[in-house]
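Take a look at the structure below.
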Amino acid sequence: MHEVLKASGFEELNPVQSKAVEKGLFTDKNMVISAPTASGKTLIAEMAALETVKKGKKVVYIVPLRALATEKYEEFKEKYSSLGIKTAISIGDFDSSDPWLAKYDIIIVTSEKFDSLLRHGVSWIDSVGLVIADEIHLLNSPDRGPTLEIVLTRLRQTINPRILGLSATISNYKELSEWLDAVAVNSDYRPVKLYAGVYFDRKIYFLPKREIELSGDLPLESMVVQALEKNKQVLVFISTRRGAESAAEKLGRVVSKRLNTEERKALSKIAEGILNALEHTTAQCERLAKCITSGTAFHHAGLTNIQRSEVEKAFKSGLIKVIAATPTLAAGINLPAWRVIIRDTKRFEAGRGMDYIPVMEIHQMMGRAGRPKYDKEGEAVLIAKSQAEAEFLWNTYINGKPEKVFSKLGVEPVLRTHVLALIASGVTPTREALLEFFSKTFYAYQYHDKAILHANLERIINLLEGYGFIQRLWTRASEGPFRPASSLSRNEELRPTKIGKRVSELYIDPVTAKHIIDMLKVANDKGVTDFGILQMISHTLEMMPLLPVRKSDMKTINEILSKEDFLEKPPEPWDIEYDEYISSIKTAMLFMEWCEEAGEDEILEKFHVTPGELRVRLDNADWLLYSSQELGLLLGYMKILKRIRKVRLRVKYGVREELLPLVRLRGIGRVKARLLYNSGLKSLESLRKIPLESLERIIGPKTARQVKEQL
C-alpha cells in the first residue's frame, strides 16, 4: 500500500480508498467500486495489483479503449519498474496467443484482445490471480459490453480469479456486485470539488448553490474568456466532428489574443509537426494546425493516433488552452480541465433521430472538470437554449441519477460470435453446458426469463450447424434417426469443426465467415479481380457502417456494375439488399483509390473520409483479407491465395502492383517507392547495382544507406 502511495505522490488514502481497504481490498473478496471520475479508483486497483504480484500471481487489467491501455501501460511502467514489476500491453493481433506475456506480472489488455487470448488457449491463464475491469459500467455499451460480460463469466467458470470492477457512479451498482458475488463500495467522494450547472440567459446556475453572471451574448466564448482570465483550461464537448472543428476555430480567435511569445513559438512547432504527420497534408491537417497556432484544438475519431497524441500532450503541458471534442474523449484518457462546457446535450442516433445523451455519459463528461494537483474545484456547465430546456437539463443531469446498467448480451450477432467461441474452445462441450454458462451471465441475472435466451441459443446452434462450423452429436441411440420435439437432449454434444474453430480464432462474425467462404469458392472456380476481392470484404458486418452513396456516385457505380464480374450476384434495384450492396461497392472504391496511390488529401476530398477513419477502415480491411487468406488456405482454395495476398499487400502499403517489391524494404513507403520506380529503379536488382551516391540523390542519404544495408 505504502509503495503505491509513494509512487503516486500521495501521503495517505482518501475516503473512497480507505473505504475499499476497510471492506476487504487486501482479502480474496471480489469487489465493485462505484465512485465519481477522478476519485482515485485506479490507485485502489494498483494496491490490489501489487499485493497480487507479491503472492506470485499475475494481474490482468482490462480497459475499454486502446488509447487508455497505452496510457495505463506507460504510467505503470514508469511507476513500478523500479520495484521489479514487469508490465506488458497486448492490444493488437487477434490471431495470436502472445506467449511472451507469460514473463510479465501486470498485463494490460482491451476486453476484445483478452477474449481473443482466451480463444487461443493461453498457457499462462492459470497463473492469473486478479482481473481488474476498468469502466465496468460499460457492460451497458452495445459495442463493448457483451465481450466484457462473456470474458468475466468465462473467467469465473474456468479459473475463478479475484475480480475488481471499477465503475463510474451508477444506480444499480449493488446488482452488478451481486452478480459477481462481490463486495460493493460506493462513494460520492471527489478530491476536487465539482460545481455542476446550467447556463441560460447570461447566467450559470450551479449546484452546490452559486451563480455566475457572464458578459456577452455568446455563451461559449464568454465562458472560455472567463476561464482564460483565471489562467485555466477548458474542455468543450460537442456532438459532431464538424461542430468540434468549427468551435475550435472560432474559439481560436479568442484564445490567440492571450498567448505570449514563447507560447506562440512552441505552438507553431507543434502545428508544423501536425502538418507533416501524413505523407500528404490534408485539409483537416491544415485546419488543425491553424487551430493549434491559436492555442486551441479539436479532438475526434477522424484524427490519426499521432495527431491525437500531440494534441493531448500539448493540452496536458498547458500550451493548448481549449479543446473542442466529441464525447468519445469523455470515456477515454485522462484529460482534465478546470472548466468543462457541454454545448450539445443531444446527438443523432440511427433509427431514433436527435435524442438526449444518457445521464451516465453526461456525468462522464462533467467528471473531467477539476484537475487533481492543480485545482481545488472544477466547473461543469450545460448550455440551455430556452428556460424550458434549462429546467429539463437541471432536473435530468444536475439533480438526476445515472441510468441503470443493463446487459446487452441478448442481441443475436453478439450471441452467435460468442457461442461459436465457447464451443470452439471447449468451454461448453455440450448443449447443457452452454445453457449453464449463459445462466451465469449478467444478462440471465438481470432478466431471469431463460426461455427467450434458450430459444435464441437454439436458433444460433442451428445456424452454426448449418454453416458447417459445429457438429451436434446425439449419444442416445434409442432416439433413432428422428429427433424428438425437444431435440435438446442433455447428452447432446457440441463440437467445433476444423473450419469453425479457425473462424473463432480469427475473431470474425460467423455470418461474415460464411459469406467469405461462399465467395472464395466462386473465386476459386472462376477467378476474381482485385476490385472483386475488395467488394467481398466490404460487404461484411465488420466493415459497417459502409460509405453512404450519393446521387453523384451512381454513374461511376453503374459503370463498375456493368464492367466488373462480381463474386456476389448484384441484387435487383428494387430488392431490399440493393442499397447495402451498392454501399459495399462505394466502400470498395475507397480501398481501390488507396491502392492506386491516392493520398489522404484526395481520399478526404473524394470520399469525405478523414485520415483517422481511413486508418481504421484499412486496418479492418487488412484483417478481413488475412482472414480470407487463412480460410482459403484451410479449405484448399489454392488458386485464389496468391491474388488475396497481393491485394492485402496493396491495401497495407497503398500502392499499385508494380511497387510491391520496393515497399517491402524497410524505410521505403509509397512516396519513396514511386520516386524510385519513376527513376527507373523498378527491382531489387536495380537497387543493388546503382551507386550509393546516386541513390542518395533520389531518396536521401539516410534512407539510401538503410536500403543498401538490407540488400
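The values are calculated or read from the model by the stated rules, or taken from the named source; none is laboratory data. Predicted model only: the values in this text are computed from it and were never measured. All Cβ positions, even for glycine, are placed from backbone atoms using ideal geometry, and neighbour counts span all protein chains on display.
The C-beta contact set for the range 36-52 (first residue touching a residue at least 12 places away in the same chain (Cβ under 8 Å), second residue among the basic types (Lys, Arg), distance under 6 angstrom, 6+ apart or interchain) comprises Pro36/Arg190; Ser39/Arg190. For the range 649-666, the criterion of being modelled with pLDDT of 95 or more, within 22 Å of Val503 (Cβ to Cβ), out of contact with any Pro (no Cβ under 8 Å at 6 or more places or on another chain) and not in a loop (DSSP other than H, G, I, E, B) is met by at least one residue. All conditions but one from (1) closer than 27 Å to Glu178 by Cβ; (2) in a strand (DSSP E or B) apply to Ala88; the one that does not is (1).
Determine, yes or no, whether Phe94 is modelled with pLDDT under 90, closer than 23 Å to Ile159 by Cα and not aliphatic (A, V, I, L, M). Before you say what the answer is, go through the steps one by one.
On the way: modelled with pLDDT under 90: yes; closer than 23 Å to Ile159 by Cα: yes; not aliphatic (A, V, I, L, M): yes.
Yes.
The residue that is surrounded by the most Cβ atoms within 10 Å (Cβ to Cβ), among those in the range 99-158 that are hydroxyl-bearing (Ser, Thr, Tyr) and more than 24 Å from Lys404 (Cβ to Cβ), is Ser116.
Look at the range 131-146: where a residue is touching a residue at least 24 places away in the same chain (Cβ under 8 Å) and outside any strand (DSSP E or B) and a partner is of a type in the set (Lys, Arg) and buried (at least 24 other Cβ atoms within 10 Å of the Cβ), sitting 6+ places away or on another chain with Cβ atoms under 9 Å, you get Asp134/Lys41.
Would the range 572-579 turn up any residue that is assigned to a helix (DSSP H, G or I) and in contact (Cβ under 8 Å) with a residue 24 or more places away in the chain? Yes: one or more hits.
When Arg352, Arg308, Arg347, Arg287 are checked against the criterion of being among the basic types (Lys, Arg), under 15 Å from Phe237 (Cβ atoms) and surrounded by fewer than 23 Cβ atoms within 10 Å (Cβ to Cβ), a single residue qualifies: Arg347. Can you spot a residue in the range 335-344 that is touching a residue at least 40 places away in the same chain (Cβ under 8 Å), surrounded by fewer than 23 Cβ atoms within 10 Å (Cβ to Cβ) and out of contact with any Lys or Arg (no Cβ under 9 Å at 6 or more places or on another chain)? The answer is yes, given that some residue of the range 335-344 is touching a residue at least 40 places away in the same chain (Cβ under 8 Å), surrounded by fewer than 23 Cβ atoms within 10 Å (Cβ to Cβ) and out of contact with any Lys or Arg (no Cβ under 9 Å at 6 or more places or on another chain).
In the range 79-90, is there at least one residue being under 24 Å from Asp188 (Cα atoms) and surrounded by 16 or more Cβ atoms within 10 Å (Cβ to Cβ)? Lay out the reasoning, then the answer.
So in the range 79-90, the residues under 24 Å from Asp188 (Cα atoms) come out as none.
Among the residues of the range 79-90, not one is under 24 Å from Asp188 (Cα atoms) and surrounded by 16 or more Cβ atoms within 10 Å (Cβ to Cβ), which makes the answer no.
Just so you know, in the range 314-334 the residues that are part of a helix (DSSP H, G or I) and within 20 Å of the chain's Cα centre (by Cα) include one that is surrounded by the most Cβ atoms within 10 Å (Cβ to Cβ), and it is Leu329.
Please tell me if Trp623 is surrounded by fewer than 21 Cβ atoms within 10 Å (Cβ to Cβ), assigned to a helix (DSSP H, G or I) and either of a type outside the set (Phe, Trp, Tyr) or at pLDDT 95 or above (or both).
Numbers: surrounded by fewer than 21 Cβ atoms within 10 Å (Cβ to Cβ): yes; assigned to a helix (DSSP H, G or I): yes; either of a type outside the set (Phe, Trp, Tyr) or at pLDDT 95 or above (or both): yes.
The answer is yes for Trp623.
Evaluation of Glu279 against the conditions (1) within 23 Å of Ala337 (Cβ to Cβ); (2) among the acidic types (Asp, Glu); (3) part of a loop (DSSP other than H, G, I, E, B) shows that the sole unmet condition is (1).
Considering only the range 631-645, I want to know if a residue exists there that is farther than 30 Å from Lys514 by Cβ and basic (Lys, Arg). No, the range 631-645 has no match at all.
Only a single item in (1) buried (at least 21 other Cβ atoms within 10 Å of the Cβ); (2) farther than 24 Å from His515 by Cβ; (3) modelled with pLDDT under 95 is not met by Lys551, and it is number (1).
I need the full set of residues from the range 95-116 which are assigned to a helix (DSSP H, G or I) and under 18 Å from the mean Cα position of the chain (by Cα), in order please.
If we filter the range 95-116 for residues that are assigned to a helix (DSSP H, G or I), which is where we start, we get 99-103, 111-116.
If the condition is that a residue be assigned to a helix (DSSP H, G or I) and under 18 Å from the mean Cα position of the chain (by Cα), then Ser111, Glu112, Lys113, Phe114, Asp115, Ser116 are the ones that fit.
When we screen Asp188, Asp181, Asp201 for residues that are on the phi > 0 side of the Ramachandran plot, modelled with pLDDT under 95 and of a type outside the set (S, T, N, Q), the only hit is Asp201.
Entry remark, the range 576-608: residues being surrounded by fewer than 18 Cβ atoms within 10 Å (Cβ to Cβ) and β-branched (Val, Ile, Thr) number 1 in total. Taking every residue in the range 632-643 that is in the same structural domain as Thr529 (by TED's automatic domain parsing) and over 19 Å from Gly468 (Cβ atoms) and pairing it with any residue that is acidic (Asp, Glu) and surrounded by 14 or more Cβ atoms within 10 Å (Cβ to Cβ), at least 6 positions away or on another chain, the pairs with Cβ-Cβ distances below 8 Å are Arg643/Asp530. Applying the condition of being closer than 20 Å to Leu166 by Cβ and hydrophobic (A, V, I, L, M, F, W, C) to the range 355-381 and asking which residue is surrounded by the fewest Cβ atoms within 10 Å (Cβ to Cβ) yields Val359. Taking every residue in the range 267-284 that is free of Cβ contacts under 8 Å to residues at least 40 places away in the same chain and pairing it with any residue that is surrounded by 15 or more Cβ atoms within 10 Å (Cβ to Cβ) and assigned to a loop (DSSP other than H, G, I, E, B), at least 6 positions away or on another chain, the pairs with Cβ-Cβ distances below 7 Å are Leu275/Thr281; Ala277/Thr304.
Of all the residues that make up the range 229-265, how many are over 19 Å from Phe298 (Cβ atoms) and buried (at least 21 other Cβ atoms within 10 Å of the Cβ)? Selection size over the range 229-265: 0.
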